[in-house]
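Engineer: Before we start, here is the structure in question, set down as structure tokens.
The values are calculated or read from the model by the stated rules, or taken from the named source; none is laboratory data. Owing to the predicted nature of the structure, the values given are computational and were not obtained by experimental measurement. Note that we place each Cβ from the backbone using ideal geometry, even for glycine, and neighbour counts take in every protein chain shown.
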Amino acid sequence: MQYDVFTRMIYVELNSFGDGRNNATLLSLQLLTVTAVVVALESRIGSGEDSGYGAASSSTAMIPLGRLRWPAMLLPALVSTFTLALPVGILTMWFVRAEALEYDVGGRAFEWGFALNSVYVAALAAAATLALAIPVAYYSGRSRARFAWLAERATYLGYAMPGVVLALALVFFSSNQLAEWFGPGAARAVYQSLPLLVFAYVVRFLPQAVGASRSSVLGVDPALLGAARVLGEPPRRVFRRVTLPLIAPGVLAGAALVFLTTMKELDTTLILHPTGFTTLVTYIWRVQEGGYYGRAALPALVLVVVSGLSMIPLLVQGRDK
């Protein structure tokens, strides 16, 4: 939209000559300051909420709408129409009108491997995030200790940080600090590598997995765990045979949410993706920058379809609640 906000100006400065990187760093520090203030205010506002174990077990009261049922559904239906049907319709129109999609115009031909790259890196990010989210969610959901609260809140720092700022910090670390500490070889091995990109995704989207998993942990009845302990089961076995099956839907929903947001994350992917590793979002960005909107239609539709499929676990969990 060419609207000068922090994230856009940081990206513009990062790709400019001269003092561009220094200017991008200063803008990033300003944005981080604003972000820290907002996170601190949110923490103070939400500090009075009950975070005790089993707090989420209470059910929500259902209010019958009667004759107002259909009018109440009208507004969400209109929102869904404008947010989903309209973009899909426009993309379909662009795709139908696009000519000679099979030809390569300046290296801008679409390949299905781009979709596979997106699914692959999103799956890696979801798996890595899940491995870190379960311990944090379990500990913060069961314990009332302040350290448990801090551990859970600390995960939100990466999510509050804009992707372009996080990517810029990792670029500086991998290209400058690693070269200074371990030599140029280490910097070349890490800079714009797939593990670095996955690490950035984990930092960005860890709170999504933690939040979904922690909600499931809070919903587990402590009496079930107490009964298992009374029967002589050790804590690890109780977690494996009782807790984990009960929280599995929330854990899988968190993984699906991370997968979905990774698929459509542009800023981090655009800056940190390995050379030659093109995903759907980076391809869409490249062709729209060149004005080839017809070529952006097919990968955009593929992205919508894959994102819709990844929403299934979230919808199933919401229906079961």
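Engineer: For the structure I just gave you, tell me whether Gly308 is free of Cβ contacts under 8 Å to residues at least 24 places away in the same chain, more than 23 Å from Thr7 (Cβ to Cβ) and not β-branched (Val, Ile, Thr).
Structural biologist: Yes: the conditions hold for Gly308.
Engineer: Going through the stretch 137-152 one residue at a time, which ones are in contact with a helix residue (DSSP H, G or I) (Cβ under 6 Å, 6 or more places away or on another chain) and touching a residue at least 60 places away in the same chain (Cβ under 8 Å)?
Structural biologist: Passing the criteria: Ala137, Tyr138, Ser140, Gly141, Glu152.
Engineer: Shifting gears a bit: Based on what the data block shows, is Ser28 polar (S, T, N, Q) and either surrounded by 11 or more Cβ atoms within 10 Å (Cβ to Cβ) or at pLDDT 80 or above (or both)?
Structural biologist: For Ser28, the condition - polar (S, T, N, Q) and either surrounded by 11 or more Cβ atoms within 10 Å (Cβ to Cβ) or at pLDDT 80 or above (or both) - is met.
Engineer: From the list Thr243, Thr268, Thr282, Thr262, pick out the single residue that is more than 23 Å from the chain's Cα centre (by Cα) and in a helix (DSSP H, G or I).
Structural biologist: After ruling out the rest, the residue left standing is Thr243.
Engineer: Need a quick list: helices (runs of 4 or more DSSP H) entirely within the stretch 128-228 having at least 1 residues that are farther than 30 Å from Arg241 by Cβ and acidic (Asp, Glu). Write out each step before concluding.
Structural biologist: Values: elements: 146-154, 156-160, 163-172, 178-182, 184-190, 194-218.
In the stretch 128-228, 178-182 are the helices (runs of 4 or more DSSP H) which contain 1 or more residues that are farther than 30 Å from Arg241 by Cβ and acidic (Asp, Glu).
Engineer: Being touching a Ser or Thr at 6+ places or on another chain (Cβ under 6 Å), at pLDDT below 90 and more than 23 Å from Ala125 (Cβ to Cβ), is that true of even one residue in the stretch 191-213?
Structural biologist: The answer is no, given that none of the residues of the stretch 191-213 is touching a Ser or Thr at 6+ places or on another chain (Cβ under 6 Å), at pLDDT below 90 and more than 23 Å from Ala125 (Cβ to Cβ).
Engineer: Here is a further query. When you scan the stretch 178-198, how many residues do you find that are under 29 Å from Met263 (Cα atoms) and surrounded by fewer than 13 Cβ atoms within 10 Å (Cβ to Cβ)?
Structural biologist: The total comes to 1.
Quick grid of which residues meet (1) in contact (Cβ under 8 Å) with a residue 12 or more places away in the chain; (2) surrounded by fewer than 18 Cβ atoms within 10 Å (Cβ to Cβ); (3) among the small types (Gly, Ala, Ser):
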| position | (1), (2), (3) |
| --- | --- |
| Gly219 | yes, no, yes |
| Gly226 | no, yes, yes |
| Arg229 | no, yes, no |
| Pro235 | no, yes, no |
| Ala255 | yes, no, yes |
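Engineer: Also: Taking the stretch 279-298 only, how many residues are touching a residue at least 24 places away in the same chain (Cβ under 8 Å) and buried (at least 20 other Cβ atoms within 10 Å of the Cβ)?
Structural biologist: 9
Each row is one residue, and each column tells you yes or no for (1) over 26 Å from Gln288 (Cα atoms); (2) modelled with pLDDT of 80 or more; (3) surrounded by 10 or more Cβ atoms within 10 Å (Cβ to Cβ).
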position	(1), (2), (3)
Ala40	yes, no, yes
Ala56	yes, no, yes
Met93	no, yes, yes
Arg97	no, no, yes
Leu101	no, no, yes
Gly107	no, no, no
Leu124	yes, yes, yes
Ser140	yes, yes, yes
Ser143	yes, yes, yes
